[in-house]
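All remarks here apply to the structure that follows.
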């Protein structure tokens, strides 16, 4: 089952400059923005220092940057809405219902795929592609069972490992970050990022590859369940600060869903010893704190760490309902 990961009572995040991961290692910065209506979403994830996955939602329909955010609902699990609206109250938009009371949250603990971590190292693009080709069906197995159990249709995303630049329905992929494009349900993985981390610290690179791919797959789960589209739709009418908050809710949820997969499969990957230590370091050094320029759209390192731990330990999507969480939990 894997040992629960806990935050020590004396924990505090180190100041910048960021320390290196266990053994040699490097970090990466990120940038985010969002734009447009609902045709061709792309969610881009950048590895920030250890595994700060930062994303951005952008639309095909133009290049004006936007970020995302939403009004802060009250605390999630223990609070339920007050009784049904009175005739004088305006009903909540359909997007709110999709985001806060989605079928995804009724899944319960997700089943393990019982897959070991792929043994292919990203020393060249052929082996990198083999790694993700072996990893993808594992996430498919877990999430297809979860979604089908609550009546949500499932289809597998594609995973594309590339070098240099690659055109996509969500814009040009430029080898600076992994991304999920909803327009064609594809996860794009730049080989040069994985290869650089691997040459510096192989175990740390493995933690990054597992964590990033699970996060990007979390966006695919959001897409299939309607959450991704509803969130991007809702943000169109929000103020700039609310758009940032909405983006943080969306990104932190994908982080939590990815961690739930890793937690459910911890005994089989296996998540232990140096790999677990590097993953812990990674999730503790991810977030907007490391972005240059600093855009507060993915959540700070504290929020990224806490939602990662929540998903990993609970192994269930209900622990990832960032859309009903208090603002302080999605900072």
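The values are calculated or read from the model by the stated rules, or taken from the named source; none is laboratory data. None of the values given here were measured: they were computed from a predicted structure. All Cβ positions, even for glycine, are placed from backbone atoms using ideal geometry, and neighbour counts span all protein chains on display.
Restricting attention to the range 287-331, report how many residues are part of a loop (DSSP other than H, G, I, E, B), touching a helix residue (DSSP H, G or I) at 6+ places or on another chain (Cβ under 8 Å) and touching a residue at least 40 places away in the same chain (Cβ under 8 Å). Reasoning before the result, please.
Initial filter on the range 287-331 (part of a loop (DSSP other than H, G, I, E, B)): 287, 291-300, 315-316, 321, 325-326, 331.
With the extra rule that they be touching a helix residue (DSSP H, G or I) at 6+ places or on another chain (Cβ under 8 Å), the set shrinks to 287, 294-300, 315-316, 321, 325, 331.
Add one more test, that the residue is touching a residue at least 40 places away in the same chain (Cβ under 8 Å), and what stays is 287, 295-299, 315-316, 321, 325, 331.
Residues flagged as part of a loop (DSSP other than H, G, I, E, B), touching a helix residue (DSSP H, G or I) at 6+ places or on another chain (Cβ under 8 Å) and touching a residue at least 40 places away in the same chain (Cβ under 8 Å) within the range 287-331 amount to 11.
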Among the strands (runs of 3 or more DSSP E) lying completely within the range 147-233, list those that include at least 1 residues that are in contact with a strand residue (DSSP E or B) (Cβ under 8 Å, 6 or more places away or on another chain) and without any contact (Cβ under 8 Å) to a residue 60 or more places away in the chain. 158-162, 166-168, 171-173, 186-190
How many residues does the range 167-187 hold that are within 19 Å of residue 140 (Cα to Cα) and surrounded by fewer than 24 Cβ atoms within 10 Å (Cβ to Cβ)? 4
Going by the conditions given, is residue 261 crowded, with 24+ Cβ neighbours inside 10 Å, closer than 28 Å to residue 165 by Cβ, touching a helix residue (DSSP H, G or I) at 6+ places or on another chain (Cβ under 6 Å) and in contact (Cβ under 8 Å) with a residue 40 or more places away in the chain? no
Hey, residue 275 hits all of (1) at pLDDT 95 or above; (2) surrounded by fewer than 21 Cβ atoms within 10 Å (Cβ to Cβ); (3) part of a loop (DSSP other than H, G, I, E, B) but one; which does it fall short on? (3)
I'd like to check something: does the range 228-242 contain any residue that is at pLDDT 95 or above, under 21 Å from residue 152 (Cα atoms) and surrounded by fewer than 22 Cβ atoms within 10 Å (Cβ to Cβ)? yes
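I'd like the residue in the range 103-144 that is surrounded by fewer than 15 Cβ atoms within 10 Å (Cβ to Cβ) and within 20 Å of the chain's Cα centre (by Cα) and, out of all such residues, is farthest from residue 200 (Cα to Cα).
Checking each candidate, the answer is 106.
Considering each of 245, 252, 262 in turn, give the residue that is within 16 Å of the chain's Cα centre (by Cα) and either assigned to a loop (DSSP other than H, G, I, E, B) or more than 24 Å from residue 110 (Cα to Cα) (or both).
Working: 252 fails: either assigned to a loop (DSSP other than H, G, I, E, B) or more than 24 Å from residue 110 (Cα to Cα) (or both); 262 fails: either assigned to a loop (DSSP other than H, G, I, E, B) or more than 24 Å from residue 110 (Cα to Cα) (or both).
Result of the check over 245, 252, 262: 245.
Has the range 80-95 got at least one residue that is outside any loop (DSSP other than H, G, I, E, B), in contact with a helix residue (DSSP H, G or I) (Cβ under 7 Å, 6 or more places away or on another chain), on the phi < 0 side of the Ramachandran plot and modelled with pLDDT of 50 or more? Show your work before the answer.
Let us first name the residues in the range 80-95 that are outside any loop (DSSP other than H, G, I, E, B), namely 94-95.
Still in the running and in contact with a helix residue (DSSP H, G or I) (Cβ under 7 Å, 6 or more places away or on another chain): 95.
Subset that is on the phi < 0 side of the Ramachandran plot: 95.
Now restrict to residues that are modelled with pLDDT of 50 or more: 95.
Looking through the range 80-95, at least one residue is outside any loop (DSSP other than H, G, I, E, B), in contact with a helix residue (DSSP H, G or I) (Cβ under 7 Å, 6 or more places away or on another chain), on the phi < 0 side of the Ramachandran plot and modelled with pLDDT of 50 or more.
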Looking only at the range 157-166, count how many residues are surrounded by 15 or more Cβ atoms within 10 Å (Cβ to Cβ) and in contact with a helix residue (DSSP H, G or I) (Cβ under 6 Å, 6 or more places away or on another chain). 3
Among the residues listed as 109, 71, the single one being closer than 30 Å to residue 328 by Cα, assigned to a loop (DSSP other than H, G, I, E, B), in contact with a helix residue (DSSP H, G or I) (Cβ under 8 Å, 6 or more places away or on another chain) and modelled with pLDDT of 95 or more: 109
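Is it fair to say residue 62 is out of contact with any strand residue (DSSP E or B) (no Cβ under 6 Å at 6 or more places or on another chain), assigned to a loop (DSSP other than H, G, I, E, B) and modelled with pLDDT of 95 or more? Before you say what the answer is, go through the steps one by one.
Working: out of contact with any strand residue (DSSP E or B) (no Cβ under 6 Å at 6 or more places or on another chain): yes; assigned to a loop (DSSP other than H, G, I, E, B): yes; modelled with pLDDT of 95 or more: no.
No; evaluated as a whole, the condition is false for this residue.
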